[in-house]
1. Counting only residues that are surrounded by 21 or more Cβ atoms within 10 Å (Cβ to Cβ) and either assigned to a strand (DSSP E or B) or of a type in the set (K, R) (or both), which one in segment 151-206 is modelled with the lowest pLDDT?
2. Could you pull out the residue among P69, P9 that is out of contact with any Asp or Glu (no Cβ under 8 Å at 6 or more places or on another chain) and either part of a strand (DSSP E or B) or free of Cβ contacts under 8 Å to residues at least 60 places away in the same chain (or both)?
3. Mind counting the residues in segment 150-167 that are in contact (Cβ under 8 Å) with a residue 60 or more places away in the chain and of a type in the set (D, E, K, R)?
4. Residue by residue through segment 99-146, note down the ones that are surrounded by fewer than 12 Cβ atoms within 10 Å (Cβ to Cβ) and either β-branched (V, I, T) or in contact with a Leu (Cβ under 9 Å, 6 or more places away or on another chain) (or both).
5. Quick one: count up the residues across segment 89-113 that are hydroxyl-bearing (S, T, Y) and within 20 Å of the chain's Cα centre (by Cα).
6. Is there a residue in segment 15-35 that is aromatic (F, W, Y), in contact with a helix residue (DSSP H, G or I) (Cβ under 8 Å, 6 or more places away or on another chain) and on the phi < 0 side of the Ramachandran plot?
7. Can you name the number of the only condition in (1) surrounded by fewer than 13 Cβ atoms within 10 Å (Cβ to Cβ); (2) closer than 23 Å to L160 by Cβ that R49 fails?
8. For segment 86-110: of the residues being touching a Gly at 6+ places or on another chain (Cβ under 9 Å) and not in a strand (DSSP E or B), which is modelled with the lowest pLDDT?
Amino acid sequence: MDSPGLPDPIFAREGARWRPHPEAGGPFGGLHGGAISGLIVAEMERQAREHGLGSMLSASVLLLRPAPPALLETRSELLRKGGRTGALETVLLADGKLIAKGMASCISPQPVANTPAEPTLLCDPSSLPPWPLKPRFRQSTLFDALDLRVDREGMKWGRLLRPLVPFDHAFASVFAIADNAPPFSLRDHRHALSGYTFPNVDLSVHASRPVAGGWIGVKARSDWRPEGMGLTDGELYDERGRLGHVCQTIVLVPQA
């Protein structure tokens, strides 16, 4: 259900379509991959609730082409509803053209005894200082909608300053933060950014439990190769402790 009283969402519903707010923008034109993947995952979360699929614990989004700052359409399909597991697929279109495609899996909880104790939270994210290297651009981007902090170990923490969509979307919020793992891992080493952009062609998140709270921590690492390709991955944390893992396939593109 929609959540009244919140700031305007990054994507507003207009009938069966979505209108992006300027803060859905990306740094190089078009919409930010974290915003696009977040919208797709948010819609799958909504579908999962409607179908009673349990908790969404993994999702992967394939970014097929740049998303324009225009009306967008999502189409979803229930792939499976089993005893404890379920699967969904959602595609994103602009003017009838396929922009991105996501798939997600869900699990219904069932108590199990004698599982290992969960690691505790490393810090209180709200008490951390702002990340001083937060990217800024002339145009509005998703970074303007993110509160980004950094802890003593250099791990970046983020939360959304405005919701992605006008309904609950805890797992989608992870995508909006975790898509920034490449700049999280490299911006502290400016030489690594010189002369290149680094778009990701996909984004996958796997979690061991439902998300707790609004803060997401990303301990990111980039592994890039001279063939112009690479991988960025990272451990994910939330307000309870360790949450899961994020992974992105990267294309290195020389700047014009």
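1. N200
2. Answer to the selection: P69.
3. Residues in segment 150-167 being in contact (Cβ under 8 Å) with a residue 60 or more places away in the chain and of a type in the set (D, E, K, R): 4 in total.
4. Residues satisfying the conditions are V112, T115, T120, P130.
5. 2
6. Within segment 15-35, one or more residues are aromatic (F, W, Y), in contact with a helix residue (DSSP H, G or I) (Cβ under 8 Å, 6 or more places away or on another chain) and on the phi < 0 side of the Ramachandran plot.
7. (1)
8. P109
The values are calculated or read from the model by the stated rules, or taken from the named source; none is laboratory data. All of these numbers come straight from a predicted model, not from anything done at the bench. Every residue, glycine among them, receives a Cβ derived from its backbone with ideal geometry; neighbour counts consider all protein chains shown.
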